[in-house]
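These notes concern the structure reproduced below.
The values are calculated or read from the model by the stated rules, or taken from the named source; none is laboratory data. Because the structure is a prediction, the values reported are computed rather than measured. In this analysis, Cβ positions are derived from the backbone assuming ideal geometry, glycine residues included, and neighbour counts consider all displayed protein chains. Please note that ligands, DNA and RNA were not included when accessible areas were found on the heavy atoms of the full protein model with its side chains. Shrake-Rupley method; radii C 1.70, N 1.55, O 1.52, S 1.80 Å.
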Amino acid sequence: MDKKMTVLSSLLFLFTFLTISLSKDLCNQNDKNTLLKIKKSLNNPYHLASWHPDTDCCSWYCLECGDATVNHRVTALTIFSGQISGQIPPEVGDLPYLETLVFRKLSNLTGQIQPTIAKLKNLKYLRLSWTNLTGPIPDFLSQLKNLEFLELSFNDLSGSIPSSLSTLPNIMALELSRNKLTGSIPESFGSFPGTVPDLRLSHNQLSGPIPKSLGNLDFNRIDFSRNKLEGDASMLFGANKTTWSIDLSRNMFNFDISKVEIPKTLGILDLNHNGITGNIPVQWTETPLQFFNVSYNKLCGHIPTGGKLQTFDSYSYFHNKCLCGAPLEICK
């Protein structure tokens with residue numbers, strides 16, 4: 001009987017210990033207080049109903065906490081597709097261990113990019129997209145030296161692109177598409193200190209020529225489409241580069257492609273709706289193109305045979321000055 005009681009007592013103790021351990025609030029109290037202020041600033045939306053002061057904030061929706069090495073501090077705040085209105089709460093800057101900050105697909109999120117974001121020195125991933133944020137792209141973003149990914153697309157941001165963004169030492173992708181940005185592409189974008197980032201600036205009102213310094217870089221992806229850019233863009237190409245995707249469509253570029261060599265890695269090339277002249281080089285048959293469009297330009301001559309160029313239909317070539325050969329009409 002004593003032996004059974006000892007076993008039962010041991011089991012009861014173990015059950016009680018596990019219950020206490022599992023119910024332990026891992027969340028840092030300062031982080032929890034900050035998060036509750038963020039919730040209040042956003043008018044206590046239903047989307048954040050799990051943010052209750054009597055529960056562990058590390059279990060709340062939209063949040064992630066780090067492990068014991070950072071004392072379970074909040075490392076990610078991702079608010080996505082909720083019925084949320086207001087501005088980005090200034091309290092986001094009071095989450096010092098934050099590495100990921102996302103406000104995305106929130107059409108009622110307004111105002112400018114919150115200046116307190118500059119306090120987040122550990123931030124690696126910043127995504128503020130598909131909102132109604134206005135104002136300029138702030139220069140203070142260049143203070144986030146650990147930033148690897150910056151997306152500010154699908155907003156109403158205006159003004160010029162800060163040249164200081166090129167000083168971010170760890171940046172791997174700059175996504176600024178679909179805003180109302182004006183001015184030129186900064187000359188400094190030809191001198192990123194670390195890995196050359198993907199550069200996506202499409203659907204803005206950028207104007208002027210592309211800085212020649214961009215020709216020194218080996219981009220993986222470039223998207224400058226649907227702007228008002230002009231002049232020569234040939235410096236972006238080169239047979240020795242490893243670029244995968246180049247989209248320069250719907251601008252006002254005007255240069256001769258006759259001697260332009262494209263990377264042998266190129267899978268996507270879109271040059272439609274420009275003023276580009278010359279003949280399509282034979283060298284272009286050597287690339288693994290999966291998407292290709294040179295329509296609505298001023299190209300001439302025979303479309304080279306071989307490679308991938310005949311796998312695209314006539315829509316990839318039509319409305320040029322005097323292009324001929326398959327898939328267009330036979331050259332006369």
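If you take the residues in the stretch 194-212 that are open to solvent by less than 30 Å² (accessible area, probe 1.4 Å) and in a loop (DSSP other than H, G, I, E, B), which one is farthest from residue 272 (Cα to Cα)?
Ranking the qualifying residues of the stretch 194-212, first place goes to 197.
Checking residue 141 against (1) closer than 30 Å to residue 254 by Cβ; (2) in contact with a Pro (Cβ under 9 Å, 6 or more places away or on another chain): exactly one of these is not met. Which one?
So the condition that residue 141 fails would be (1).
Of all residues in the stretch 100-131, how many are of a type in the set (Val, Ile, Thr), over 16 Å from the mean Cα position of the chain (by Cα) and part of a strand (DSSP E or B)?
Matching residues across the stretch 100-131 total 1.
Does the stretch 132-139 contain any residue that is assigned to a strand (DSSP E or B) and either over 28 Å from residue 203 (Cβ atoms) or among the basic types (Lys, Arg) (or both)?
No.
For residue 258, state whether it is closer than 21 Å to residue 177 by Cα and either among the aromatic types (Phe, Trp, Tyr) or in contact with a strand residue (DSSP E or B) (Cβ under 7 Å, 6 or more places away or on another chain) (or both).
no
For a quick check of your reading of the model, give me the residue pairs whose first member lies in the stretch 77-89 and is on the phi > 0 side of the Ramachandran plot, whose second is open to solvent by 10 Å² or more (accessible area, probe 1.4 Å) and in a loop (DSSP other than H, G, I, E, B), with beta-carbon atoms closer than 7 Å and at least 6 apart or on different chains.
86/43
Of all the residues that make up the stretch 143-172, how many are among the aliphatic types (A, V, I, L, M) and either without any contact (Cβ under 8 Å) to a residue 12 or more places away in the chain or assigned to a strand (DSSP E or B) (or both)?
Qualifying residue count for the region: 2.
Consider residue 47 carefully, then state whether it is assigned to a helix (DSSP H, G or I) and either touching a Cys at 6+ places or on another chain (Cβ under 9 Å) or of a type in the set (A, V, I, L, M) (or both).
Yes: the conditions hold for residue 47.
Test residue 163 against the criterion of being touching a helix residue (DSSP H, G or I) at 6+ places or on another chain (Cβ under 7 Å), modelled with pLDDT under 95, closer than 30 Å to residue 230 by Cα and open to solvent by 10 Å² or more (accessible area, probe 1.4 Å), and give yes or no. Spell out how you get there, then give the answer.
Details: touching a helix residue (DSSP H, G or I) at 6+ places or on another chain (Cβ under 7 Å): yes; modelled with pLDDT under 95: no; closer than 30 Å to residue 230 by Cα: yes; open to solvent by 10 Å² or more (accessible area, probe 1.4 Å): yes.
No; evaluated as a whole, the condition is false for this residue.
Any chance you could count how many residues in the stretch 321-332 are out of contact with any Phe, Trp or Tyr (no Cβ under 6 Å at 6 or more places or on another chain), in contact (Cβ under 8 Å) with a residue 24 or more places away in the chain and surrounded by 14 or more Cβ atoms within 10 Å (Cβ to Cβ)?
The number of residues fulfilling the criteria is 1.
If a residue counts only when it is open to solvent by 20 Å² or more (accessible area, probe 1.4 Å), which strands (runs of 3 or more DSSP E) contained entirely in the stretch 236-320 have at least 2 such residues?
291-293, 298-302
Would you mention how many residues in the stretch 265-300 are without any contact (Cβ under 8 Å) to a residue 40 or more places away in the chain and of a type in the set (Asp, Glu)?
Residues meeting the conditions: 1.
Just give me the residues in the stretch 23-48 being at pLDDT 95 or above, of a type in the set (A, V, I, L, M, F, W, C) and surrounded by fewer than 18 Cβ atoms within 10 Å (Cβ to Cβ), in sequence order.
Listed by number, the list holds a single entry, 36.
What do you reckon, is residue 97 part of a loop (DSSP other than H, G, I, E, B), open to solvent by 10 Å² or more (accessible area, probe 1.4 Å), of a type in the set (Ser, Thr, Tyr) and under 15 Å from residue 120 (Cα atoms)?
The answer is yes for residue 97.
If I ask for residues that are more than 23 Å from residue 149 (Cβ to Cβ) and either within 27 Å of the chain's Cα centre (by Cα) or of a type in the set (Lys, Arg) (or both), which ones from the stretch 59-89 would you list?
Of everything in the stretch 59-89, those that are more than 23 Å from residue 149 (Cβ to Cβ) and either within 27 Å of the chain's Cα centre (by Cα) or of a type in the set (Lys, Arg) (or both) turn out to be 60, 83, 85, 86.
Report the residue count in the stretch 213-235 for those that are open to solvent by 60 Å² or more (accessible area, probe 1.4 Å), at pLDDT 95 or above and not in a loop (DSSP other than H, G, I, E, B).
Residues in the stretch 213-235 being open to solvent by 60 Å² or more (accessible area, probe 1.4 Å), at pLDDT 95 or above and not in a loop (DSSP other than H, G, I, E, B): 3 in total.
Could you tell me whether residue 54 is of a type in the set (D, E, K, R), modelled with pLDDT of 85 or more and open to solvent by less than 100 Å² (accessible area, probe 1.4 Å)?
When the stated conditions are applied, residue 54 does not pass them.
Pull up the stretch 173-193, narrow it to residues that are in a loop (DSSP other than H, G, I, E, B) and of a type outside the set (A, V, I, L, M, F, W, C), then point me to the one that is surrounded by the most Cβ atoms within 10 Å (Cβ to Cβ).
Checked the stretch 173-193; the qualifying residue surrounded by the most Cβ atoms within 10 Å (Cβ to Cβ) is 179.
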